[in-house]
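Visitor: First, the structure itself, so that you have it in front of you.
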Amino acid sequence: MKLRLLCLLFFLARSAFAQGPVTVDETARFLAGLPVEGALAPLMATPAWQEHAREMDQAWERKERQQIVPIRDWMLTNAAPHFRSTDTMYYMFGGPDFLYANVFFPYARSYILAGLEPIGQIPNLPQMAPADLGAKLAALRGSMSSILRFQYFITKDMRAELGPGKIAGTLPILYVFLARLGYTVLDVTPVTSPAEGVQITFHDPTHDGTQTLYYFKTDLSGSRTTSFLKWCAARGPGVSLLKAASFLMHGDGFNGVRDFLFANSRVLVQDDSGIPLRAFPKGWDVHCYGRYVPHNETFAKYYQPDLAAVYQRQPTTPLGFAFGYHWQKEDGLLILATPGGGREETAAPLPPVMKALPVSPDEWQ
């Protein structure tokens, strides 16, 4: 009986191919576990997709409640001009994490994400056998489990789940985030300059206009400005995010991207794994929120005494959401920095709504 059911579903899936080509938006919605029409609709009857949709619904409901809504409320209360910015959004070391790029800065006209993960591809879904489809959807969920449960990707887990022969690379993850955030995907185009990547055009059905998402597979190490960073700089000053960045800029191996962010950010939102407090130039306005909790084991050597001193000056107010490598919302830390001095005219004002710890330049020089 089970074999006959599988054969019937496989026949329906193959016959669906005759209904016309699958659009990128239908593919994105299907991978996100959302209802679709057209050639992919018969696959919604498979137990594999129904399980996928059920688990994605549960994970996304939890993510919205614990992270998406609290972060957007926090930005609207404490940094509304930056939240509403239409500038280019830079997320170095972000990999395929369009989710947090959009949660912090939903109105950016362009998003530029960079990481080492391959672009990947989407298989021909209507022609896949049900058993094979189930394995691939499970692999996709596995690759996203850490960011949906916590707030960062575990790279080795993502690479293991999205390896050869599966729904591979970063592209399916970007599709899922776009669909779950309510966007319509209009077009996907491979690019080769300034690095291997992909350009995705999308729009919010409730608003006019389109937005663009770029993901580039590129090595950001080095002390000089690369062709990739020059390409980014041509897009103009923007808003920047650093999260779960492995403390890479706490040494000298990534000075090029650090200097780019200082030169091209109207605002920089980060956790303590981004740029160390001591590296901020004089003239920057740095505000600290949440709590500073030292890391254990792998990242213990990156303890920042100057940052700890800032938080020890007076009691702090919890963020209300986890951020960075700490998964407990009580331990969330967020640093919001804007350039002052000669760049003051480009920095939108920060409403002093939430109790922040302004940092004196003497504390990091």
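Visitor: Scanning region 246-262 for residues that are over 19 Å from Tyr325 (Cα atoms) and part of a helix (DSSP H, G or I), which turns out most open to solvent (accessible area, probe 1.4 Å)?
Guide: Result: Asp259.
Visitor: Filter region 216-230 down to residues that are more than 19 Å from Asp97 (Cα to Cα) and among the β-branched types (Val, Ile, Thr) and give me whichever is surrounded by the most Cβ atoms within 10 Å (Cβ to Cβ).
Guide: Thr226
Visitor: Here's a follow-up. Scan region 274-291 and give yes if some residue there is over 30 Å from Arg109 (Cα atoms), part of a helix (DSSP H, G or I) and not basic (Lys, Arg), otherwise no.
Guide: No, that holds for no residue.
Visitor: I'm trying to understand the selection: among the residues of region 180-215, which are open to solvent by less than 10 Å² (accessible area, probe 1.4 Å) and within 30 Å of Ala129 (Cβ to Cβ)?
Guide: Val185, Val198, Ile200, Tyr215
Visitor: Another question, if that's okay. Please go through region 319-339 and pick out each residue that is more than 19 Å from the chain's Cα centre (by Cα) and open to solvent by less than 10 Å² (accessible area, probe 1.4 Å).
Guide: Once the filter is applied, which keeps residues that are more than 19 Å from the chain's Cα centre (by Cα) and open to solvent by less than 10 Å² (accessible area, probe 1.4 Å), region 319-339 yields Ala337, Pro339.
Visitor: When you scan region 49-141 for helices (runs of 4 or more DSSP H) that lie fully inside it, which ones turn up with 1 or more residues that are open to solvent by less than 60 Å² (accessible area, probe 1.4 Å), more than 18 Å from Ala168 (Cα to Cα) and polar (S, T, N, Q)?
Guide: Those helices (runs of 4 or more DSSP H) span 69-78, 98-104.
Visitor: Just name the residue that is surrounded by the most Cβ atoms within 10 Å (Cβ to Cβ) out of those in region 305-318 that are more than 18 Å from Ser246 (Cα to Cα), in contact with a helix residue (DSSP H, G or I) (Cβ under 7 Å, 6 or more places away or on another chain) and at pLDDT 90 or above.
Guide: Val310
Visitor: For region 197-220, name all the residues that are part of a loop (DSSP other than H, G, I, E, B) and either among the aliphatic types (A, V, I, L, M) or under 19 Å from Gln270 (Cα atoms) (or both).
Guide: Leu220
Visitor: Same structure again: Got at least one residue in region 172-191 being touching a Leu at 6+ places or on another chain (Cβ under 8 Å), charged (D, E, K, R), outside any loop (DSSP other than H, G, I, E, B) and at pLDDT below 90?
Guide: For region 172-191, residues touching a Leu at 6+ places or on another chain (Cβ under 8 Å), charged (D, E, K, R), outside any loop (DSSP other than H, G, I, E, B) and at pLDDT below 90: absent.
Visitor: Arg84 fails exactly one of the following numbered conditions: (1) touching a strand residue (DSSP E or B) at 6+ places or on another chain (Cβ under 8 Å); (2) without any contact (Cβ under 8 Å) to a residue 40 or more places away in the chain. What is the number of that condition?
Guide: (1)
Visitor: If you go through region 28-44 one residue at a time, do you hit one that is in a helix (DSSP H, G or I), open to solvent by less than 20 Å² (accessible area, probe 1.4 Å), modelled with pLDDT of 50 or more and in contact with a strand residue (DSSP E or B) (Cβ under 8 Å, 6 or more places away or on another chain)?
Guide: yes
The values are calculated or read from the model by the stated rules, or taken from the named source; none is laboratory data. Here the structure is a predicted model, which means the values were calculated and not measured. Here the Cβ is made from the backbone with ideal geometry for all residues, glycine too, and neighbour counts use every protein chain on show. In case anyone asks, the SASA skips ligands and DNA or RNA and just uses the protein heavy atoms, side chains included. Shrake-Rupley method; radii C 1.70, N 1.55, O 1.52, S 1.80 Å.
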